[in-house]
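Contents: one structure, followed by commentary.
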Amino acid sequence: MAQEIRSEVDRRNGAICRFIVERTLHIGSVNFTSRTQAQGIPLAEKLFEIEGIKEISLIGKLLIVTRSEERDWSDLIPKVEAVLSAYLVSGLALTSDAVLERMQLMGRGTREKVQYLLDHRINPGVAAHAGFVELLDVKEGVVYLRMGGGCQGCGAATFTLREGIEKIIRHEIPEITQILDVTDHAAGMNPYYRSRQ
């Protein structure tokens, strides 16, 4: 599905062009003046690969680009639009669900954010395997979890923790440095996946 991109050169400052798209590019606002600053933000990194891009701002569905004096918008606009189009179809762009989730996380404390992710992203999936994950505590960037139901004693519990739970929490809450499972898995009586003896 083609994404509509509108561009508009600023009437007062010809070095600035605004690009408006139908999807959210960034929640809140962020500004970059170099490729080094843009590291970790795929769209901004790719835009700085275009020669003549001096500054980039992302604000919701708006991209503001400042060009260097020696470049012309007739050359730059198609290149910026090509990068935007590729980004929007790449799977890296925020979906409406991701935007809603990030908005829900804004303004919450770390413990509240972890609990929100457990309630809305993690436990619904784990429940399909007759399990649940309970938040015990968050201290100094460390999350303490206990797994129950089919997760307690499950042979795949470590995989679920590292490849599922940890990736979700650490991606959405960068201040989390470690996630510890304090479950007594030896006491599990009803694992969903039975280990072979």
Taking all pairs of distinct Cα atoms, average 1/r, flip it, and tell me the Kirkwood hydrodynamic radius of region 5-94 in Å to one decimal place.
12.9 Å
Separation of region 130-181 and region 29-48 by C-alpha centroid, Å?
31 Å
If the reach is capped at under 20 angstrom between alpha carbons, list the aspartates and glutamates near residue 139, excluding any in the same chain fewer than eight residues apart.
112, 119, 166, 172, 175, 181
Burial ordering of 46, 167, fewest other beta-carbon atoms within 10 Å first:
167, 46
Based on the Cβ-Cβ distance of residue 71 and residue 34, what FRET efficiency does E = 1/(1 + (r/R0)^6) give at R0 = 25 Å, to the nearest 0.05?
0.95
Whole number please: convex hull volume per residue, Cα atoms of region 122-168, in Å³.
68 Å³
For the chain, what is the convex hull volume of the alpha-carbon atoms per residue, in Å³?
148 Å³
Taking 74, 90 and counting other C-beta atoms within 10 Å, the order from fewest to most:
74, 90
Between helix 73-89 and the chain: long-axis angle, C-alpha atoms, 0 to 90°, nearest 10:
20 degrees
The pairs in 61/113; 79/113; 54/113; 79/167; 113/167 lying past 26 Å Cα-Cα in this model are 79/113; 54/113; 79/167
Mean-square fluctuation check for the chain, GNM, Cα pairs under 10 Å: which of 23, 111, 71 is largest?
71
Inverting the mean 1/r over all pairs of different Cα atoms, compute the Kirkwood radius of region 98-187 and quote it in Å.
13.2 Å
Taking amide H positions as placed 1.01 Å from N in the peptide plane, with prolines and chain starts having none, which residues 5 or more places from residue 150, or on another chain, fall under 5 Å of its amide H?
131, 132
Given the rule -39500 (n - 2.57) for each run of at least 4 DSSP H residues, summed and divided by the residues of the chain, what is its mean residue ellipticity at 222 nm, to the nearest 500 deg cm²/dmol?
-7500 deg cm²/dmol
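Throughout, read-outs are computed from the coordinates displayed, never taken from laboratory work. Note that the structure is predicted; figures quoted are calculated from it, not measured. A quick note on method: Cβ atoms are made from the backbone with ideal geometry, for glycine too, and the neighbour counts reach across all protein chains shown.
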